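Please treat every number below as a calculation from the coordinates, not as lab data. This one's a predicted model, so the numbers in the text were calculated from it and none came from an experiment. Because the Cβ atoms are built from the backbone with ideal geometry, glycine has one as well, and the counts that use them run over all protein chains shown.
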Amino acid sequence: MPNPSTETFLADLRRTLSGVLPEIVDLRHDLHIHPELSGEEERTARIVAENLTRAGVPHETGVGGTHAVIGMIESGQGSDGPTIALRGDMDALPITEESEVAYRSQNTGVMHACGHDGHTANLMGAARVLNALRDQLPPGRIKLVFQPAEETVRGADALVEAGVVDDVDAIVMLHGWPVIHIPEGKIGVRNGPVMASADMFTLTIKGRGGHGAYPHDTIDPIACGAQIVTALQTIVAREVSPLAPAVISVGSFHAGTASNIIPGRAELTGTVRTLDRALRNSMPERIERVIAGVCSALRCEYEYVYSYGTPVTVNDARVSDLIRAVGADLLGPERVYELPEPTMGAEDFAWYLEKIPGAMFRLGTGCPYALHTPRYDFGDAALETGILVMAEVARRFLEQGGFGGSGAKVAIG
């Protein structure tokens, strides 16, 4: 149960939030109307900065040469304590919206189909209430990370390189989740791996083109590529333990210009997802071994490039446990949902977690449509829950003095 000081703060937190929530709803609607793609979040960043300025929250813009906006709330009791970061992503997707809401996207072919309008509004709400109550906060600082370019899974990497989390002890984010995955009004938490790494490969198969009526005079890269696509599936099916999730998906296969011409080359690209670092590191060689064998058997040459992308998103148990405790106190234990399994999607929040402890949690939005679809909408109903949890997680992290009670950063083993 919360102690008396916590109960007093939570009462003030709810009261303060009730006063600013209508503005946060309006902010989300505005962002939803004006979505911007990864790397193009100029207006979004400006709106975020203007809101922070009006709220009296110190902040920087253009951090790391991006559209990032980084704010800082210092406790009225001083900064001699730990620092926790709260992250919200700002970018949208190249999808045409099909919903009929009054605030539907006005940018043709672009929409907030992953709910980053809600994430940004949620972080702004947390910023507003925490700043208003900063004199009640324990000593320490709360860093606000309004991050661009999550959908390219490189936005966080740029901010890590810019040193944004060098002075941070822990970091937390939420992700809105449709009702098909988590009940409305609940938060979902899990320790350890929660989202997969995301790597990619490109393959060019070189054969010898010719007339489709005389295949014996050619070296067919399409036939070779088709065999490779099939053979790659045996890596997961026959080389990887069934208890170790992995995905190899060929997403594009381009070759040829006409039905009666065998082309001289074929180009394929694919994605590779894993939840284990050692397995991830073994994938480039496994894939090339299959490619080399098939190409040799079918007389083709090849060029193969494997690119490492976002690491596995691994929740620190200490941060996840803090989120659980806060959720139980604020919402009731019945609204804290234990996520049954990780997902094979990727999240560039992982770049922060390579550097410092942290955790992401799911927030049930009640939307019946899946993420990255034309009718997904974060909605307004989940904003209050998300803001309350994020704000109290930040306060309680300061109250407990970070990890170990001193505010000193703890190395990840």
* Non-local amide H neighbours of PHE361 (under 5 Å, H modeled in plane, Pro and chain starts lacking H): which ones? -> MET173, LEU174, HIS175
* Asked: If packing is taken as the mean number of other Cβ atoms within 10 Å per residue, what is the order of 174-186, 142-154, 92-104, highest first?
  -> 142-154, 174-186, 92-104
* Asked: So what does log10 I(q)/I(0) come out to for segment 179-314 at q = 0.11, 0.13, 0.19 Å⁻¹, using the Debye formula with one equal point on every Cα and no solvent?
  -> -0.49, -0.63, -1.03
* **Global form of segment 118-227, assessed from the alpha-carbon gyration tensor, a/c cut-off 1.5** => prolate
* Helix hunt in the chain: which complete DSSP H runs extend at least 18 Å axially by C-alpha with mean Kyte-Doolittle at least -0.5? -> 4-33, 116-132, 221-234, 277-297, 317-331, 383-399
* **Enclosed volume per residue, in Å³, of the convex hull spanned by Cα atoms of segment 289-413** => 176
* Asked: So who's got an amide H within less than 5 Å of the one on ALA113, skipping anything under 5 residues away but keeping other chains? H placed 1.01 Å off N, in plane.
  -> LEU93
* Asked: Sorted by packing (mean other beta-carbon atoms within 10 Å per residue), highest first, where do 117-129, 33-45, 347-359 land?
  -> 117-129, 347-359, 33-45
* What value, in deg cm²/dmol to 500, does the helix sum -39500 (n - 2.57) over DSSP H runs of n ≥ 4 give at 222 nm once divided by the residues of the chain? -> -11000 deg cm²/dmol
* Please state the charge dipole magnitude for the chain, taken about the Cα centre, from unit charges on C-beta atoms (+1 on K and R, -1 on D and E), reported in debye and rounded to the nearest 20. => 720
* Let me know the shape class of segment 345-389, please: from the alpha-carbon gyration tensor, a ≥ b ≥ c as square roots of the eigenvalues, rounded when a/c is under 1.5, otherwise prolate if a/b is greater than b/c, or oblate. => oblate
* To do: Classify segment 1-89 as rounded, prolate or oblate from the Cα gyration tensor: take a ≥ b ≥ c as the square roots of its eigenvalues, call it rounded if a/c is under 1.5, otherwise prolate when a/b beats b/c and oblate if not.
  => oblate
* To do: May I ask for the distance between the Cα centers of segment 353-375 and segment 10-73, given as a whole number of Å?
  => 19
* Mind sorting THR230, THR310, THR365, THR373 by how few other Cβ atoms lie within 10 Å of their own Cβ, fewest first? => THR230, THR373, THR310, THR365
* Hey, what's the Cα Rg ratio for the chain versus the globular rule of thumb, 2.2 N^0.38 Å? -> 1.11
